[in-house]
Amino acid sequence: MRRSNWKTKVLVVLAVALGIAAGVLVRTIALGAIGAYATPLAFLAGGLVALAAVYVGAGIMGIGGD
């Protein structure tokens, strides 16, 4: 029977949630300052935060390794 990798699933859900939260925060802050470029900047910030969360979880904490 295959071992449950619930930590990996939690890590992915947490990374997505942090990325969405960061994107919303960046868009809210940048909308008044730069206007039209706020949405692409929000996607970039959200993606980078999600990538960093996965890097910390997988690389440093060792989640997801077989």
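Tabulated results
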read-out: Residue check for Gly64: of a type outside the set (Asp, Glu) and on the phi > 0 side of the Ramachandran plot; value: yes
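Residue-wise test of (1) at pLDDT 85 or above; (2) assigned to a helix (DSSP H, G or I); (3) among the basic types (Lys, Arg); (4) surrounded by 14 or more Cβ atoms within 10 Å (Cβ to Cβ).
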| site | (1), (2), (3), (4) |
| --- | --- |
| Arg3 | no, no, yes, no |
| Leu18 | yes, yes, no, yes |
| Ala21 | yes, yes, no, no |
| Thr28 | yes, yes, no, no |
| Ala36 | no, yes, no, no |
| Leu41 | yes, yes, no, yes |
| Leu51 | yes, yes, no, no |
| Gly64 | no, no, no, yes |
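The values are calculated or read from the model by the stated rules, or taken from the named source; none is laboratory data. Keep in mind it's a predicted model, so treat the numbers as computed, not measured. Methodologically, a virtual Cβ is constructed for each residue, glycine included, from the backbone with ideal geometry; neighbour enumeration extends over all protein chains shown.
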